[in-house]
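Contents: one structure, followed by commentary.
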Ligand code: 2AM
């Protein structure tokens, strides 16, 4: 019997993301073979492809048949849990692979694991890509943002497929060859860190509007819908508006009010903050969003603390009352501006983290291009990413987004509103760690002189760490304590 035509690409790992990405690829006209350890998911995927009008998708229960069903050089996307499952899946498949074939890991993998696997694959002549995939289930099916890094050849082998499968925006498909090594995974990690920041900032805007402004869920839905038609237009703002509209099927009011205030996480936000610390890059907004998730997890402790501190005389009502009545319309407008300005600072941190890593690793990341591929498909997709792209196009060595002339002008226009919102929140006892972190980042970065002189003096006093001077070159050490005593004595002598 003649063998069937070979598939252009393979996909192993058929949880929801994998199924959806496979269907997306098939729908774009690329014959695809699929495989999963548990074979029922293979059959499920084949049935879905049939349901969707007979997409060119072919299921295999045996890893050997799966690999041999692919045209050479073979390209196989793996979408299984990050870590050991990826190694196990590679081991299962690579026995049947040949030199020039490529493995593409689409999971949220730690970038160093990808770099290890690149080295492990190379003696067998196998190519390797670590590809960030963002957009959730819907994105995988309709068009995700793809961040592939690793072997350039492996990318070139599937560039036509990835370009069709990715989300499409006005300036092209949301995919680019990110860079060598683990660059794709690293960029996806920072994307997720930025996503943490965005979600935190939105939750703070919600808290201020609800707690200080007294807005109802209906009001909030309307406001977020309105914001989504302006400069804040983005996936996260859009879904937030929808969330406020959903009624609770088990009781009165809206579902959002019934959700336990404890945030889950899977680790990419923590990695982002760890990397920021490793690289000595300030990422306070992203760190604040991570810290807030940790604090949210202490639900029982927080409830107990609320009781203890209420007993001690700190009351939410009194704090709220202390800021008096607010002009709702003004508050809403101020919060929108505070959110936007805070977001710029958060993205500035993420971008600078990417640049620092790029320099350390020699990845040659193109920050403008990364902003472009985030314009569609992914969770942080937003209108303003186009502005970020343009800022880096204007000046590739821009040290910080804040000092791009256009962003600088926007910050100047919004800083009044931003300071009012943060000030009001602090007065009312509403924590806004993300907005505060962004504002502090801004105020620290824009001040040419900081109180770091005093810290240097302290370090020199107790540890002889030396200091530099503003008016002459060199490194100096002073006998601070001795001189202080002498001058004390001197001061005393004049009395
Ligand atoms: P399964 O259906 O056989 O469990 C998400 O869990 C995806 O990762 C699923 O497709 C799952 O396959 C796969 N997966 C998890 N651990 C795996 C492993 N050790 N080897 C192969 N696939 C694995």
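Okay, here's what the table says:
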{"read-out": "Flag for residue 46 being touching a strand residue (DSSP E or B) at 6+ places or on another chain (Cβ under 6 Å), more than 10 Å from the ligand (Cβ to nearest atom) and more than 20 Å from residue 154 (Cα to Cα)", "value": "yes"}
{"read-out": "Output for the stretch 446-464, where each listed residue is surrounded by 13 or more Cβ atoms within 10 Å (Cβ to Cβ) and either part of a loop (DSSP other than H, G, I, E, B) or at pLDDT below 95 (or both)", "value": "none"}
{"read-out": "Scope the stretch 65-96; condition within 26 Å of residue 20 (Cβ to Cβ) and away from the ligand (no atom under 16 Å from the Cβ); matching residues", "value": "65, 68, 69, 70, 71, 73, 74, 75"}
{"read-out": "Single residue of the stretch 266-289 satisfying the filter (part of a loop (DSSP other than H, G, I, E, B) and loosely packed, with under 15 Cβ neighbours inside 10 Å) that is modelled with the highest pLDDT", "value": "280"}
{"read-out": "Per-region count, the stretch 65-100, residues in contact with a helix residue (DSSP H, G or I) (Cβ under 9 Å, 6 or more places away or on another chain), under 21 Å from residue 133 (Cα atoms), part of a loop (DSSP other than H, G, I, E, B) and without any contact (Cβ under 8 Å) to a residue 60 or more places away in the chain", "value": "2"}
{"read-out": "Failed criterion for residue 430 (all others in (1) assigned to a helix (DSSP H, G or I); (2) farther than 25 Å from residue 351 by Cα hold)", "value": "(1)"}
{"read-out": "Residue list for the stretch 1-43, filter: in contact (Cβ under 8 Å) with a residue 40 or more places away in the chain and away from the ligand (no atom under 16 Å from the Cβ)", "value": "4, 6, 7, 8, 9, 24, 25, 28, 29, 30"}
{"read-out": "Of all residues making up the stretch 49-64, the number that are within 21 Å of residue 131 (Cβ to Cβ) and within 15 Å of the ligand (Cβ to nearest atom)", "value": "1"}
{"read-out": "Where residue 159 falls short, out of the listed (1) touching a strand residue (DSSP E or B) at 6+ places or on another chain (Cβ under 9 Å); (2) touching a residue at least 24 places away in the same chain (Cβ under 8 Å); (3) surrounded by fewer than 24 Cβ atoms within 10 Å (Cβ to Cβ); (4) under 19 Å from residue 366 (Cα atoms)", "value": "(2)"}
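The values are calculated or read from the model by the stated rules, or taken from the named source; none is laboratory data. In this text the structure is predicted, and so the values were computed from the model without any measurement. Because the Cβ atoms are built from the backbone with ideal geometry, glycine has one as well, and the counts that use them run over all protein chains shown.
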